[in-house]
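*Asks:* Take a look at the following structure, please.
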Amino acid sequence: MKKNLIIIAAMFILVMSCGQKTPPPPYAADSMEYQFFKTLAEKVPALDPSKSVALVSTKKFNVYSGDIMPFIYARLKRFASNMDALDSSNVNELIRGTSEYMAEKRLLVQDAEANNIKVSEDSLNALLQKYYTQAGGEDKFNERNAQMGLTKEYFIEDVRQSIMIKDYLEQVVYKNMEPTEQELLDEYNKDKFATVRHILMLTNGKSDAEKEEIRKKMETVLEKARAGEDFAALAKEYSEDPGSKDKGGLYENFERGQMVEPFEDASFNLPIGTISDLVETRYGYHIVQVVDRKKEDRPFEEIKEMLGRKLAATKQQNAEVQLLDKLKADNKYKELFSEVL
């Protein structure tokens, strides 16, 4: 149930030829990568290495299947001898996430370049040396990358772009984001912890028709809960959340900011003792019963600095989202997943 923060800093998601409008060259037909994807394409045709499939389009560049293959190969090559263990729906989700990330990263690189952000050789080499040291030396690092299908040049370009984006965000986007005293007080006075029970039916990887059947089933469970049936017993009977099912759906005293947003909104905004409508998250459909909430019990001055860091980070994250939304709109960003997956 805990959310995963997507921060533009991850390595090994590489942007090279996706800056072009023409498709990248395919793998050589006698390479291990080509054979891997040829087999995988039996499950996921969009990854056929003999073709170039557009996954995201913008005014200035497209992201093609060939762009994301190095990352897909690094993540999935361990399945090379047992492709039956791969779920095509999970591979499709990986394709979607990687393609979107690569497009977003390229948009940020372009905007950084437009703002005259440059990466010095010293800063690039310093970060590279850090990675080399962690790996036990440059040779071992390059060997590890090669095993994942990544060339040294490919990796260095990714590092350079990651530094550029980091500098751009810090120097341009994150300006004037220190929280005010009133914002700190408002944050301090919010409920900090919530205790809820919930029922979850999973929809991840399901078809639209299957999701609709799950939604109808959950509506029936919701009627039972609101009619006064024991919520904990309903959770034990119907919930598919392994983390709480056997505890009657109980999540106790979790802190604000830990859960996925729709679930958290219900947990912290509904009156105590009430039962939510159906709440949809990336996991599936939830029914949330709010049991209790608690405020921060430490003095304001004791945690003021920590609250400042937290609020500044939230402001930065929101600024990133707003920036990407604007860049996508300005560049006519379009996802083509539904046409090929």
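*Asks:* If I ask for residues that are touching a strand residue (DSSP E or B) at 6+ places or on another chain (Cβ under 6 Å), surrounded by fewer than 23 Cβ atoms within 10 Å (Cβ to Cβ) and over 19 Å from residue 38 (Cβ atoms), which ones from the range 51-61 would you list?
*Replies:* 54, 57
*Asks:* From 192, 211, grab the single residue that is in contact with an Asp or Glu (Cβ under 6 Å, 6 or more places away or on another chain) and under 30 Å from residue 318 (Cβ atoms).
*Replies:* Values: 211 fails: in contact with an Asp or Glu (Cβ under 6 Å, 6 or more places away or on another chain).
Answer to the selection: 192.
*Asks:* Please find, among 268, 263, the residue that is assigned by TED's automatic domain parsing to the domain that holds residue 232, under 19 Å from residue 184 (Cβ atoms) and under 25 Å from the mean Cα position of the chain (by Cα).
*Replies:* Details: 263 fails: under 19 Å from residue 184 (Cβ atoms).
Unique residue meeting the criteria: 268.
*Asks:* State yes or no: is residue 313 of a type in the set (A, V, I, L, M, F, W, C), assigned to a helix (DSSP H, G or I) and either in contact (Cβ under 8 Å) with a residue 24 or more places away in the chain or closer than 30 Å to residue 65 by Cβ (or both)?
*Replies:* No: the conditions fail for residue 313.
*Asks:* From the list 157, 213, which residue is acidic (Asp, Glu), at pLDDT below 95 and out of contact with any His (no Cβ under 8 Å at 6 or more places or on another chain)?
*Replies:* It is 157.
*Asks:* Could you list, ordered by first residue, the pairs with Cβ atoms under 8 Å in which the first is in the range 209-225 and in contact (Cβ under 8 Å) with a residue 60 or more places away in the chain and the second is in a helix (DSSP H, G or I) and surrounded by 17 or more Cβ atoms within 10 Å (Cβ to Cβ), at least 6 apart or interchain?
*Replies:* Note: pairs meeting the criteria are 221/234; 221/238; 225/231; 225/234.
*Asks:* Go through the range 233-256 residue by residue and tally those that are loosely packed, with under 15 Cβ neighbours inside 10 Å and outside any strand (DSSP E or B).
*Replies:* 6
*Asks:* Assess whether residue 183 counts as being modelled with pLDDT under 95 and touching a helix residue (DSSP H, G or I) at 6+ places or on another chain (Cβ under 8 Å).
*Replies:* It is false that residue 183 is modelled with pLDDT under 95 and touching a helix residue (DSSP H, G or I) at 6+ places or on another chain (Cβ under 8 Å).
*Asks:* Which one of the conditions (1) more than 19 Å from residue 224 (Cα to Cα); (2) of a type outside the set (S, T, N, Q); (3) surrounded by fewer than 17 Cβ atoms within 10 Å (Cβ to Cβ); (4) touching a helix residue (DSSP H, G or I) at 6+ places or on another chain (Cβ under 8 Å) does residue 260 fail to meet, given that it meets all the rest?
*Replies:* All conditions are met except number (4).
*Asks:* Taking residue 280, is it under 18 Å from the mean Cα position of the chain (by Cα), over 19 Å from residue 97 (Cα atoms) and among the charged types (D, E, K, R)?
*Replies:* yes
*Asks:* Residues in the range 140-162: is at least one under 19 Å from residue 327 (Cβ atoms) and in the same structural domain as residue 66 (by TED's automatic domain parsing)?
*Replies:* yes
*Asks:* Could you check residue 116 against (1) assigned to a helix (DSSP H, G or I); (2) under 25 Å from residue 164 (Cβ atoms); (3) without any contact (Cβ under 8 Å) to a residue 40 or more places away in the chain and say which number it fails?
*Replies:* Status for residue 116: all satisfied but (1).
*Asks:* Here's a check for you: in the range 58-92, which residue that is of a type outside the set (A, V, I, L, M) and in contact with a Phe, Trp or Tyr (Cβ under 7 Å, 6 or more places away or on another chain) is farthest from residue 327 (Cα to Cα)?
*Replies:* Selected residue: 77.
*Asks:* Of (1) farther than 22 Å from residue 296 by Cβ; (2) out of contact with any Leu (no Cβ under 7 Å at 6 or more places or on another chain); (3) surrounded by 14 or more Cβ atoms within 10 Å (Cβ to Cβ), residue 221 satisfies all except one. Which?
*Replies:* (2)
*Asks:* I need a count of the residues in the range 244-263 that are over 20 Å from residue 215 (Cα atoms), out of contact with any strand residue (DSSP E or B) (no Cβ under 8 Å at 6 or more places or on another chain) and not basic (Lys, Arg).
*Replies:* The number of residues fulfilling the criteria is 2.
*Asks:* Look at the range 81-95 and say how many of its residues are closer than 17 Å to residue 207 by Cα and assigned to a loop (DSSP other than H, G, I, E, B).
*Replies:* Matching residues across the range 81-95 total 1.
The values are calculated or read from the model by the stated rules, or taken from the named source; none is laboratory data. These figures come from a predicted structure and were not determined experimentally. With ideal geometry, Cβ positions are generated from the backbone for all residues, glycine too; neighbour counts draw on all protein chains shown.
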